[in-house]
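Undergrad: Questions regarding the structure given below will be posed in turn.
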Amino acid sequence: MDIPVIAIDGPSATGKGTLAASLAAHMGFHLLDSGSLYRILGVAVARAGLSLDETETIAQFARNLDIEFGLYGPGSVALDGEDISLIIRTDLGSDMASKVGAIPAAREALLDRQLAFRKSPGLVADGRDMGTVVFPDAIVKFFLTASTEARAERRYKQLLDKGIDAIFPSLLRELDLRDARDRSRSVSPMQPAEDAIVVDTTELNRSEVMAKVLECALAALEPNR
């Protein structure tokens with residue numbers, strides 16, 4: 001059979017990254033954190049001092065990025081040999097990811113990189129357009145959501161735990177702005193696939209979300225085993 005893909009989409013701070021990593025580990029599947037690719041590209045663009053209007057140059061950057069995952073340990077991300085795992089998780093990384101993600105040429109340039117993650121025995125793909133654009137044939141698709149307040153609170157705690165200063169009202173505004181940008185972009189806008197299972201994580205803890213998604217994923221995979 002075709003290599004199965006489990007697609008997990010949704011806005012930031014809904015818990016999809018943690019869920020995707022846990023689900024992939026549980027099932028022995030490969031993991032694609034597509035958001036990291038856009039964060040890496042965003043940081044590279046910011047460091048190079050490129051204007052967002054230089055779309056073709058940014059697309060070329062995307063095609064030629066020297067990225068290594070796991071070079072400095074599980075979950076680490078290296079760009080040109082430098083560990084940028086923490087840098088891409090800052091506000092700069094998040095903001096620039098959304099901005100470069102709105103550039104059609106950049107999204108096209110990163111598409112092949114994402115498709116290459118599809119390897120046996122299967123893939124859990126985490127992003128914003130995994131189920132709608134990158135893997136429309138995913139065997140099961142999830143779209144995670146949560147209230148903006150709950151998401152801002154989660155992001156606030158994450159940043160403080162990493163020793164990064166954060167201001168809650170600013171995080172709230174930034175999430176609203178990013179959501180609007182991600183939903184309104186002309187190419188691959190963030191939206192649930194028509195056949196996606198929508199999971200509101202506002203009142204759910206990680207274990208509850210995992211249990212719900214795992215049950216649905218196993219049910220979807222069962223007929224193909």
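Undergrad: Given 0.36 nm per residue, what is the gain on full extension from Glu56 to Glu215 after removing their alpha carbon distance, in nm?
TA: Working: separation 159, 0.36 × 159 = 57.24 nm, distance 4.32 nm.
Contour length minus the Cα-Cα distance gives 52.9 nm.
Undergrad: Which value in deg cm²/dmol, rounded to the nearest 500, describes the helix-derived mean residue ellipticity at 222 nm for the chain, given -39,500 (n - 2.57) per DSSP H run of n ≥ 4 and division by the residue count?
TA: Calculated at 222 nm, the ellipticity per residue is -15000 deg cm²/dmol.
Undergrad: Past the 27 Å Cα-Cα mark, which pairs from Lys119/Lys157; Lys99/Lys162; Lys141/Lys162; Lys157/Lys212; Lys16/Lys99?
TA: Lys119/Lys157; Lys141/Lys162
Undergrad: Evaluate the chain: find the radius of gyration of its Cα atoms, find its Kirkwood radius, and give the ratio Rg to Rh. It would help to have the intermediate numbers written out before the result.
TA: On the way: Rg = 16.8 Å, Rh = 17.8 Å.
Rg/Rh: 0.94.
Undergrad: Taking the highest mean first, how do the peptides 144-155, 108-119 order by number of other beta carbon atoms within 10 angstrom per residue?
TA: 144-155, 108-119
Undergrad: Considering only C-alpha atoms, what is the centroid distance from the stretch 1-39 to the stretch 160-222, in Å?
TA: Using only Cα atoms to place each centre, the spacing works out to 11 Å.
Undergrad: Going by how many other Cβ atoms sit within 10 Å of their own, how do Phe61, Phe168, Phe29, Phe142 line up, fewest first? Please list the in-between numbers first.
TA: Working: Phe61 19, Phe168 12, Phe29 22, Phe142 29.
Listed from fewest to most nearby Cβ atoms, that is Phe168, Phe61, Phe29, Phe142.
Undergrad: Then there is this: Evaluate the charge dipole of the chain about its Cα centre and quote only its size in Debye, nearest 20, assuming +1 on the Cβ of each Lys and Arg and -1 on the Cβ of each Asp and Glu.
TA: Numbers: 25 positive and 33 negative charges, 29 e Å.
For this selection, approximately 140 debye.
Undergrad: Could you go through the stretch 215-221 in sequence order and give the Karplus-derived ³J(HN,Hα) for each residue, using 6.51 cos²θ - 1.76 cosθ + 1.60 with θ = phi - 60°, rounded to whole Hz, and x for Gly and Pro?
TA: 4, 5, 5, 5, 5, 6, 7
Undergrad: Moving to a separate point now. How do Ile3, Ile103 rank when sorted from fewest to most other Cβ atoms within 10 Å of their own Cβ?
TA: Ile3, Ile103
Undergrad: Using Cβ contacts closer than 10 Å as the measure, can you line up Lys99, Lys212, Lys162, Lys16 from fewest to most?
TA: Going from least to most buried by this count: Lys162, Lys212, Lys99, Lys16.
Undergrad: Determine the gain in length on full extension of the stretch Leu71-Ser147; use 0.36 nm per residue of separation and subtract their C-alpha separation, reporting nm with one decimal.
TA: Stretched out fully, the Leu71 to Ser147 stretch lengthens by 23.8 nm.
Read the figures in this text as sums done on the coordinates, not as results from a lab. Treat the numbers as computed from the prediction; the structure is a model and nothing was measured. Here Cβ is always computed from backbone atoms with ideal geometry, including for glycine, and neighbour counts include all displayed protein chains.
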